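Student: The structure that follows is given in the form of structure tokens.
The values are calculated or read from the model by the stated rules, or taken from the named source; none is laboratory data. Being a predicted model, the structure only gives us computed values, none of them experimental. Glycine also receives a Cβ, built like all others from the backbone with ideal geometry; neighbour counts cover every protein chain displayed. Areas reflect the complete protein model, heavy atoms only, side chains present, ligands, DNA and RNA absent. Shrake-Rupley method; radii C 1.70, N 1.55, O 1.52, S 1.80 Å.
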Amino acid sequence: MMQQIRDSLNGPLIVGVLLAIIGVPFAFSGIEGYFQSNANPTIAKVGDTKITQDQLRRAYDQRYRQLQQLLGENFRADQINPQRMRENVLQDMVQDALLRSEARDSGYRASDAALRDYVTVVPAFQDNGKFSAKRYRELLAQNGYTTDSFEALQRDSLIVDQLRDVILGSA
């Protein structure tokens, strides 16, 4: 009986149809996986905000550098628990995303003037006590920011500060 089935399936048309039935779904799922490669997976989602693995890595590296600068000669890498520090950085990122979301939903905004006032008084962007656009762009480039991305982060920071001020003022 099996031989009869095999003999009847040996025709090129039937083999082609069977391959198409089996192969087409695999081909499409494989192609979809190729185009939707998850090289930078989302590790946390807060509302509409996604926190990716790359964002966490950058924030971790930044926090690590801040510790090095803060502690100076007293910095010892062997005293840092990388896993605990990574968890703390992620927790801070989630809290920040929650605050930004709440501030935006509550209607807080940072004007161009407020952003300009903030950026021009940052000592790192000053040369001889005055704001230097050249130094501003250079420092941003050194830290991997464009002016647009940095200013967007600062706007978010300003609206979160507004929300914090309202909360603290009402306490």
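Student: Could you grab me the full set of residues in the stretch 125-154 that are in contact with a Lys or Arg (Cβ under 8 Å, 6 or more places away or on another chain) and at negative phi?
Tutor: PHE125, GLN126, ASP127, THR147 - these are the residues of the stretch 125-154 that are in contact with a Lys or Arg (Cβ under 8 Å, 6 or more places away or on another chain) and at negative phi.
Student: Out of the stretch 122-171, which residues are acidic (Asp, Glu) and under 27 Å from the mean Cα position of the chain (by Cα)? Before you say what the answer is, go through the steps one by one.
Tutor: Going through the stretch 122-171, the residues acidic (Asp, Glu) turn out to be 127, 138, 148, 151, 156, 161, 165.
Across the stretch 122-171, the qualifying residues are GLU138, ASP148, GLU151, ASP156, ASP161, ASP165.
Student: Identify the residue in the stretch 52-107 that is assigned to a helix (DSSP H, G or I) and of a type in the set (Phe, Trp, Tyr) and, among all such residues, is most open to solvent (accessible area, probe 1.4 Å).
Tutor: Step by step, filter the stretch 52-107, then rank; the result is TYR64.
Student: I've got another one for you. Can you name every residue in the stretch 108-152 that is of a type in the set (Val, Ile, Thr) and outside any helix (DSSP H, G or I)?
Tutor: Within the stretch 108-152, VAL121, VAL122, THR146 meet the criteria.
Student: Restrict the check to the stretch 41-63 and report whether at least one residue is over 30 Å from ASP105 (Cα atoms), modelled with pLDDT under 90 and either under 14 Å from the mean Cα position of the chain (by Cα) or not acidic (Asp, Glu) (or both).
Tutor: Among the residues of the stretch 41-63, not one is over 30 Å from ASP105 (Cα atoms), modelled with pLDDT under 90 and either under 14 Å from the mean Cα position of the chain (by Cα) or not acidic (Asp, Glu) (or both), which makes the answer no.
Student: If you don't mind, there's one more thing I want to ask. Has the stretch 132-147 got at least one residue that is modelled with pLDDT under 90 and over 27 Å from LEU56 (Cβ atoms)?
Tutor: Looking for residues that are modelled with pLDDT under 90 and over 27 Å from LEU56 (Cβ atoms), one finds none in the stretch 132-147, hence no.
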